[in-house]
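The structure under discussion appears below in the form of structure tokens.
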Amino acid sequence: MKIHVIHENAAWTQPLFEALEARGLPYEDWHLDNGLVDLEAMPPEGVFYNRMSASSHTRDHRFAPELTRMTLAWLEAHGRRTVNGSGAIRLEIDKMAQYAALAAHGIRTPRTIAAVGRNQIIAAAQALGETPFILKPNRGGAGAGVMLVESLDRLAAILDDPATEQPLDGTWLVQQYIRAAEPAIMRAEFIGGRFYYAVRVNTSQGFQLCPADACDLPDGRERFEIVAGFDDPVLERYRAMIAANGIEVTGIEFIRDRAGRVFTYDVNTNTNYNSQAEAKLGVSGMGCLADFLGAELAKLHREAA
């Protein structure tokens, strides 16, 4: 039996492979940029960890999430142990589904209106009734396509510009802009369904906030700082929400406005960790993740004995 890692981005996954190798854990690389699924075929034994990303299309892996969704359905139909299974991939590629799941657990999100079609998008912005606002694709990933829009005229210009990249599912989200108390957001990391740590992310350089080392800014500026001993009542709500949706590994992003209220706006079921920030505190997200996957594999061995 092995740990099978489902993904489409080798640069983001290599640190996990190194952590698994350091622990002597057997694993197999399932790079699902293309492939086939035979529902009658018997899957191999082991633990299957899904870290497929909604931003796969930005790396020319347009249909990797769809293939992953079918693969997870096949694995689960055969009773295989999946980590971040079908519930996770559903939320990964659908932000409106994320907001619905968050709201169901009493978690505050920015007001968001989904719209398909130019006139409906403008109507959504009019209904929101405030500027500036955020325009983002319903299926995005890594901050791709997120824009701060200052006016309705600017929105119309964006929509009419042939260079504007359209959302993969045709759905734009018009979202309330939360004015933060500082130019930063927070990201709460969960591994094995448990809170691991929170990291403060500097947002002064824009909305692309990927924490992976492969996403570091070229000038070497540090954007990530782990907050030692972070605690907030919202963490328990996050824990309940991810448990209800079959999510075990995630990074949840939230912002605190100038009145101190917490707004949650993104659930990343394909999460990464920044090694520079971790080194300062002596922690390792990929190491903790490898330990968790190893423990799940050990459970399967015990059950099979």
Within segment 112-126, can you find the residues that are surrounded by fewer than 16 Cβ atoms within 10 Å (Cβ to Cβ) and either within 17 Å of residue 264 (Cα to Cα) or touching a residue at least 40 places away in the same chain (Cβ under 8 Å) (or both)? 116, 118
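Quick grid of which residues meet (1) in contact with a helix residue (DSSP H, G or I) (Cβ under 7 Å, 6 or more places away or on another chain); (2) in contact (Cβ under 8 Å) with a residue 12 or more places away in the chain; (3) acidic (Asp, Glu):
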{"residue": "10", "(1), (2), (3)": "no, yes, no"}
{"residue": "17", "(1), (2), (3)": "no, yes, no"}
{"residue": "32", "(1), (2), (3)": "yes, yes, no"}
{"residue": "47", "(1), (2), (3)": "yes, yes, no"}
{"residue": "100", "(1), (2), (3)": "no, no, no"}
The residue from 51, 59, 23 that alone is closer than 18 Å to residue 271 by Cβ and at pLDDT 95 or above is 51
Name the single residue, out of those in segment 252-294 being touching a residue at least 60 places away in the same chain (Cβ under 8 Å) and small (Gly, Ala, Ser), that is surrounded by the most Cβ atoms within 10 Å (Cβ to Cβ). 285
The listed residue being crowded, with 17+ Cβ neighbours inside 10 Å and not polar (S, T, N, Q), out of 96, 52: 52
So for segment 285-305 (the condition being of a type in the set (D, E, K, R), in contact with a Lys or Arg (Cβ under 8 Å, 6 or more places away or on another chain) and part of a loop (DSSP other than H, G, I, E, B)), does at least one residue qualify? no
Of the numbered conditions (1) touching a strand residue (DSSP E or B) at 6+ places or on another chain (Cβ under 9 Å); (2) in a loop (DSSP other than H, G, I, E, B); (3) surrounded by fewer than 20 Cβ atoms within 10 Å (Cβ to Cβ), residue 62 fails exactly one; give the number of that condition. (1)
Picking from 89, 107, 134, the residue that is assigned to a strand (DSSP E or B) and in contact with a strand residue (DSSP E or B) (Cβ under 8 Å, 6 or more places away or on another chain) would be 134
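The values are calculated or read from the model by the stated rules, or taken from the named source; none is laboratory data. Owing to the predicted nature of the structure, the values given are computational and were not obtained by experimental measurement. Neighbour counts are summed over all protein chains in view; Cβ atoms, including those assigned to glycine, are modelled from backbone coordinates with ideal geometry.
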